[in-house]
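What follows is a short report on a single structure.
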Amino acid sequence: MEIGLLLTTGFILILLLVGYYYLRRVKQNDERVSTMSQLLQKILSENSQLKRQMKSLQENYAELQEDIEGGKQREKGFCEEIIELRARLEKVKGGQGDTPTE
């Protein structure tokens, strides 16, 4: 009888140790999952922020391209205006040389 009680007690102790080990592993896994979840949330947040920054940069780039094109058009207009003014100046200079001075 005492051997049966000893075996039963030993078996119960083994079950308790296995249960304790199992619960400890479950707790460690929960902590890992929690840590991974926090990291994932941080990554998703940073990803969202980077997407907003990228969109802003693309908009700024498009505006800059428009400004560059506008500058090129103004430069072209200025060049044409300078050529026209030079031609008029030459015409005026040429006209003064043709008219007799008194």
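Bear in mind that the values in this text are calculations on the coordinates, not laboratory data. Note that the structure is predicted; figures quoted are calculated from it, not measured. FYI the Cβ positions are ideal-geometry reconstructions off the backbone, even for glycines, and counts take in every protein chain you see.
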For this session: Starting from the range 1-28, keep only residues that are without any contact (Cβ under 8 Å) to a residue 60 or more places away in the chain and in a helix (DSSP H, G or I), then list their pairs with residues that are surrounded by 10 or more Cβ atoms within 10 Å (Cβ to Cβ) and β-branched (Val, Ile, Thr) whose Cβ atoms are within a distance under 7 Å, requiring at least 6 positions of separation or different chains.
Result: none
Exercise. Is one or more of the residues making up the range 64-81 more than 42 Å from the chain's Cα centre (by Cα) and not aromatic (Phe, Trp, Tyr)?
Worked result: yes
